[in-house]
Amino acid sequence: MPRIALFPGSFDPITNGHLDVVRQAVRLVDRLVLAIGSHPGKTPLFPVDERLAMLAETCAPIAHEARCEIDYITFADLVVSTAKRQSATVIIRGLRSAADFEYEMEMAGMNGGMAPEVQTVFLPASPEVRPITATLVRQIASMHGDVSSFVPAEVTTRLKAKFMGKPGR
């Protein structure tokens with residue numbers, strides 16, 4: 001039976017921190033499903049089709065090298081419901097700090113209560129990517145700062161295009 005994991009997130013945009021988690025996850029499973037969640041209270045910087053394209057551009061080579069199948073989906077319901085639809089028995093979550101750990105433990109507990117057959121696996125971020133958040137990347141890019149050390153080159157290009165001609169906030 002193949003080991004299938006779901007890695008949910010907004011990926012707005014995908015960062016080197018996300019890629020760090022993907023690199024770790026593809027070594028653990030046969031199929032990794034990257035799932036872009038939509039939240040009714042949030043307005044993303046990038047539309048979902050562009051985020052899916054960024055995931056494919058940046059993650060496909062990592063999965064290919066690890067000989068792991070990779071898929072990209074969107075969802076608007078519970079993570080555990082999405083995991084079940086994808087036949088995933090694992091939910092992947094990256095941890096950057098103790099604050100992340102506290103929040104993720106609560107989520108894992110609730111998810112486990114709703115779907116005990118789906119296990120949450122925490123993957124610690126590598127030290128060099130721990131401070132990176134998509135929120136900070138968006139803020140820096142909106143002020144025309146250099147984000148090239150925080151995101152893949154393809155994403156840097158998209159962020160520059162997104163904010164070109166717009167005054168810094």
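Any residue in the range 80-100 that is closer than 21 Å to Pro13 by Cα and free of Cβ contacts under 8 Å to residues at least 24 places away in the same chain? Yes, some residue in the range 80-100 is closer than 21 Å to Pro13 by Cα and free of Cβ contacts under 8 Å to residues at least 24 places away in the same chain.
Kindly indicate whether Val118 is touching a Ser or Thr at 6+ places or on another chain (Cβ under 7 Å) and of a type in the set (Val, Ile, Thr). It is true that Val118 is touching a Ser or Thr at 6+ places or on another chain (Cβ under 7 Å) and of a type in the set (Val, Ile, Thr). Scan the range 122-162 for residues that are of a type in the set (D, E, K, R) and out of contact with any Leu (no Cβ under 7 Å at 6 or more places or on another chain) and jot them down. Selection gives Glu128, Arg130, Asp146, Glu154, Arg158, Lys160. Answer yes if at least one residue in the range 47-63 is assigned to a loop (DSSP other than H, G, I, E, B) and either among the hydroxyl-bearing types (Ser, Thr, Tyr) or under 23 Å from Leu136 (Cβ atoms) (or both), and no otherwise. Yes - at least one qualifying residue is present in the range 47-63. Going through (1) assigned to a helix (DSSP H, G or I); (2) at positive phi; (3) not aromatic (Phe, Trp, Tyr) one by one, Glu154 falls short only on (2). In this structure, Lys166 qualifies as farther than 17 Å from Arg23 by Cα, open to solvent by 90 Å² or more (accessible area, probe 1.4 Å), not hydrophobic (A, V, I, L, M, F, W, C) and not in a helix (DSSP H, G or I).
Scoring Val147 on the criteria (1) under 18 Å from Pro44 (Cβ atoms); (2) open to solvent by 30 Å² or more (accessible area, probe 1.4 Å); (3) free of Cβ contacts under 8 Å to residues at least 24 places away in the same chain; (4) in a loop (DSSP other than H, G, I, E, B) leaves a single failure, condition (2).
The residues on offer are Ala83, Ala99, and the sole one that is part of a helix (DSSP H, G or I), at pLDDT below 95 and of a type in the set (A, V, I, L, M) is Ala99. In the condition set (1) touching a helix residue (DSSP H, G or I) at 6+ places or on another chain (Cβ under 6 Å); (2) modelled with pLDDT under 95, Thr120 is compliant with all but (2). Anything in the range 1-58 that is small (Gly, Ala, Ser), in contact (Cβ under 8 Å) with a residue 60 or more places away in the chain, open to solvent by less than 40 Å² (accessible area, probe 1.4 Å) and in contact with a Gly (Cβ under 8 Å, 6 or more places away or on another chain)? List them, or say none. Of everything in the range 1-58, just one residue is small (Gly, Ala, Ser), in contact (Cβ under 8 Å) with a residue 60 or more places away in the chain, open to solvent by less than 40 Å² (accessible area, probe 1.4 Å) and in contact with a Gly (Cβ under 8 Å, 6 or more places away or on another chain), namely Gly17.
For the criterion of being farther than 18 Å from Ser10 by Cα, within 16 Å of the chain's Cα centre (by Cα) and surrounded by 15 or more Cβ atoms within 10 Å (Cβ to Cβ), Ile62 passes. Of all residues in the range 102-140, those satisfying the criterion of being in a loop (DSSP other than H, G, I, E, B), over 14 Å from Val21 (Cα atoms) and either in contact with an Asp or Glu (Cβ under 6 Å, 6 or more places away or on another chain) or open to solvent by less than 20 Å² (accessible area, probe 1.4 Å) (or both) are Ala115, Val118.
The values are calculated or read from the model by the stated rules, or taken from the named source; none is laboratory data. Note that this is a predicted model, so its numbers are computed, not measured. Note that we place each Cβ from the backbone using ideal geometry, even for glycine, and neighbour counts take in every protein chain shown. Ligands, DNA and RNA are stripped out before the accessible areas are found, and what is left, the full protein with its side chains, is counted by its heavy atoms. Shrake-Rupley method; radii C 1.70, N 1.55, O 1.52, S 1.80 Å.
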